[in-house]
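First comes the structure, then the notes that go with it.
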Amino acid sequence: MPAARHDAVADLYLAHHSWVVSLLRRRLGNREQAMDLAQDTFVRLLRSELPAPLREPRAYLSTVASRLCLQHFRRQALERAYLDSLAALEPQHQPSEENRLLVLEALDAVGQVLDGLGGRVREVFLLSQLDGLTYVQIGERLGLTVNVVQKAMLKAYRHCYAEVYGA
């Protein structure tokens, strides 16, 4: 990592960390979670191409932190849905704690990949892959042409491939 980017993130951290924590605390209602997500916000900056110089650092930090917060809420909802579905199972069909954690990790990884898709592309992809709808059915449901559905699916497949294989 270039030293200049590291220094820029360090400066942002010193100047705005407490503000980011306050922002996240208001959204999450929990100081510890806010501290964790604030830390993740700055780690994300270290791993990304930070536009330099930032004209509006708080706006930029707010965007990054808000996206992480949204991912956090999606992960929580996914975990709740999974645990609710497990509660409906007979005790003899309950997975082991180890398998539960493995499934939650896998769901989290899939959720992170899907978070990288735009809303419309994600919706098209899920209707195709989870609901098993044809491109024609997806187009009818969403008011899109088959060509637009095909392009959305191509974009989704490319994104998923790049996320999984780093290409």
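The values are calculated or read from the model by the stated rules, or taken from the named source; none is laboratory data. Bear in mind the structure is a predicted one, so any value in this text is a computation, not a measurement. Cβ coordinates were reconstructed from backbone atoms using ideal geometry, including for glycine residues, and neighbour counts include every protein chain displayed. All accessible areas refer to the heavy atoms of the entire protein, side chains included, with ligands and DNA or RNA removed. Shrake-Rupley method; radii C 1.70, N 1.55, O 1.52, S 1.80 Å.
For the reader, a short list of remarks on this structure follows.
- Pairs, first in contact (Cβ under 8 Å) with a residue 40 or more places away in the chain in segment 135-164, second open to solvent by 80 Å² or more (accessible area, probe 1.4 Å), C-beta under 9 Å, six or more apart: E163/Q112
- Among the helices (runs of 4 or more DSSP H) confined to segment 114-167, the ones with at least 3 residues that are under 26 Å from L70 (Cα atoms) are located at 119-129, 146-165.
- In segment 25-35, the residue that is most open to solvent (accessible area, probe 1.4 Å) out of those that are assigned to a helix (DSSP H, G or I) and not acidic (D, E) is R26.
- Top-ranked residue of segment 44-57 - restricted to ones that are modelled with pLDDT under 85 and open to solvent by 80 Å² or more (accessible area, probe 1.4 Å), ranked as farthest from E105 (Cα to Cα): P53
- Considering only residues in segment 135-167 that are small (G, A, S) and within 24 Å of G111 (Cβ to Cβ), the one that is surrounded by the most Cβ atoms within 10 Å (Cβ to Cβ) turns out to be A152.
- Conditions (1) of a type in the set (D, E); (2) exposed (fewer than 15 other Cβ atoms within 10 Å of the Cβ); (3) within 23 Å of G116 (Cα to Cα): number failed by D11: (3)
- Which listed residue, of L78, L86, is surrounded by 12 or more Cβ atoms within 10 Å (Cβ to Cβ) and farther than 30 Å from L23 by Cβ: L86
- Restricted to segment 58-67, and to residues there that are out of contact with any Ser or Thr (no Cβ under 6 Å at 6 or more places or on another chain) and at pLDDT 90 or above, the residue that is surrounded by the most Cβ atoms within 10 Å (Cβ to Cβ) is L61.
- Some residue of segment 36-49 being touching a helix residue (DSSP H, G or I) at 6+ places or on another chain (Cβ under 9 Å), in a loop (DSSP other than H, G, I, E, B) and among the aliphatic types (A, V, I, L, M): no
- Residue within segment 106-114 that is at pLDDT 85 or above and either within 30 Å of Q33 (Cα to Cα) or not assigned by the TED database to the domain that holds A15 (or both) present: yes
- Every pair of residues 6+ apart whose Cβ atoms lie under 8 Å, when the first sits in segment 1-24 and is closer than 13 Å to S62 by Cβ and in contact (Cβ under 8 Å) with a residue 40 or more places away in the chain while the second is in a helix (DSSP H, G or I) and of a type in the set (D, E, K, R): H16/R58; W19/R58
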